[in-house]
Amino acid sequence: MASITENLSAFKKAIPDYVDLVAVSKTKPVADLQEAYDTGQRIFGENKIQEMTDKWEVLPKDIHWHIIGHVQTNKVKYMAPYVSLIHSADRLKLFKEVNKEAEKNDRVIDVLLQVKIAEEDSKFGMDPEEAKKLLSGDQLNKYPNVRVVGLMGMASFVDDEAQIKREFSQLEKIYNTFKESRGFSVLSMGMSGDYRLALEHGSTMIRIGSSIFGARNYD
């Protein structure tokens, strides 16, 4: 099996320069993240705030930490001092909490509005029409310490490429509709199994885990 260093190097050669690679390091030991860091990787994605905070405390401070999993509002305070990007802002209650904790830390925290594009029922995210309504209005102005820099979405875990393309296309259209008026710069979609299709639909940020670090151990 190829090393973390070899996997990362291969990905960076394969994707365009304008695409940010998030190394999804959930469940992986600090040593694995350090190896990726030593290869030049600076963006890491975690899905549990406590695990991310534990790693933040011991790893170099020029790492950009992204939370990619569903965020519980009562945990926001732990990551507010350092988190670089929240991928999964999917409800106004969370915006309110992030704004409160960002203000306490004298920060403006960048977030992505997570839109539910998958036809599966299991995905989190805001309904596309609900997202459009929110982005069209001025409700987000209530949260001056939160900056929405783009959108995030997850396609269905299916083998049907036509379905995956349809889902990515839906998010791409919403992104392009609001890109200029909202000053968006990030369209986060695409993981190990579907990132090539995501890139075809304008993704500027892909989230890659097992293809870099190997299979996860959830024990």
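The values are calculated or read from the model by the stated rules, or taken from the named source; none is laboratory data. This is a predicted model, so every value here is computed, not measured. Every residue, glycine among them, receives a Cβ derived from its backbone with ideal geometry; neighbour counts consider all protein chains shown. In case anyone asks, the SASA skips ligands and DNA or RNA and just uses the protein heavy atoms, side chains included. Shrake-Rupley method; radii C 1.70, N 1.55, O 1.52, S 1.80 Å.
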Point-charge dipole on Cβ atoms (K/R +1, D/E -1) for the range 70-174, about Cα centre, debye to 20: 620 debye
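Which percent of the accessible heavy-atom area of the chain goes to carbon and sulfur, probe 1.4 angstrom? Working shown, then result.
Values: 5010 of 10660 Å².
Heavy-atom surface of the chain belonging to carbon and sulfur, 1.4 Å probe: 47 percent.
Ordering 56, 65 by accessible area with a probe of 1.4 Å, largest first, what comes out?
Values: 56 70, 65 0 Å².
Ranked from most to least accessible, the order is 56, 65.
With a probe of 1.4 Å, find how much accessible area the range 118-180 has per residue, and write the answer as a whole number in Å².
58 Å²
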³J(HN,Hα) computed for each position of the range 46-54 - Karplus, 6.51 cos²θ - 1.76 cosθ + 1.60, integer Hz, glycine/proline x: 10, 10, 10, 5, 5, 5, 5, 5, 4
Cα-projected label distance for residue 30 with residue 51, points at 7 Å along beta-carbon direction, nm: 1.6 nm
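Helix-only mean residue ellipticity at 222 nm, the chain, DSSP H runs n ≥ 4 weighted -39,500 (n - 2.57), per residue, nearest 500. What is it?
On the way: 9 runs with 88 residues, N = 219.
Estimated from H runs of four or more residues: -11500 deg cm²/dmol.
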Area accessible to solvent at residue 64, 1.4 Å probe radius, in Å²: 90 Å²
Sequence-separation-based contact order of the chain, relative, with Cα cut under 8 Å and 6+ spacing, percent: 20 percent
Assigned charges on the beta-carbon of Lys, Arg, Asp, Glu; the range 1-124 dipole about Cα centre (debye): 380 debye
Pair residue 133, residue 185: separation of 7 Å Cα→Cβ label points (nm): 3.1 nm
32, 159, 127, 138, ranked by accessible area, largest first (probe 1.4 Å): 159, 138, 127, 32
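Given R₀ = 30 Å, FRET efficiency for residue 91-residue 160 by Cβ-Cβ distance, to 0.05?
Values: r = 29 Å, r/R0 = 0.97.
Once rounded, the FRET efficiency stands at 0.55.
For the pair residue 119 and residue 77, what calculated FRET efficiency results from E = 1/(1 + (r/R0)^6), where r is the Cβ-Cβ distance and R0 = 35 Å, to the nearest 0.05?
On the way: r = 35 Å, r/R0 = 0.99.
Step by step, r from the Cβ atoms, then E = 0.50.
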Å² of accessible area per residue within the range 1-106, as computed with a 1.4 Å probe and no ligands counted: 48 Å²
Whole-Hz ³J(HN,Hα) from phi, Karplus 6.51 cos²θ - 1.76 cosθ + 1.60, for the range 40-45, glycine and proline x: x, 6, 10, 10, 10, x
